1. If you go through segment 28-84 one residue at a time, how many are acidic (Asp, Glu) and within 17 Å of Leu98 (Cα to Cα)?
2. Looking at Gly87 and the list (1) on the phi > 0 side of the Ramachandran plot; (2) crowded, with 16+ Cβ neighbours inside 10 Å, which single condition is not satisfied?
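Just so you know, all these numbers are worked out from the coordinates, no wet-lab data involved. Given the structure is predicted, the values throughout are model-derived calculations rather than measurements. Every residue, glycine as well, gets a Cβ built from its backbone with ideal geometry; the counts of neighbours run over all protein chains shown.
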Amino acid sequence: CHRPLSFISLHTPTSRFFSTNTSKAPSNFRDEFTNLCSKGRLKEAFETFKSDIWTDPSLFSHLLQGCIQTQSLSLAKQLHSLIITSGCSSDKFISNHLLNAYSKFGELRTSVALFGVMPRKNVMSCNILIGGYVQN
């Protein structure tokens, strides 16, 4: 991940959702983490594996998919804030997942704004944005 982008308009306080927990992840944490996210148990997934998220930022994508499944726009915004804080907002994989989440929620202005500041756009980024317009 790289330095965070200044996307201040989407900052949402994360302290309400993310609190401290010192539990250690098991060796098969990725499978368990993915399983919890796919079942919509996002808070439990984050609390159990939050130390691993910093070493494997691609785990943010599973949390974002869980936000879409549980239709939690506010949680997606909190994750976006955390992604910016972590310095991973310039990662095109994570940015595409954010773009997808906002598009699925019908947040087209936010999607366009995010697309505009993405330093590494690709065909997937364009397809996600176009898909958002088609769906909404």
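1. Qualifying residue count for the region: 1.
2. So the condition that Gly87 fails would be (2).
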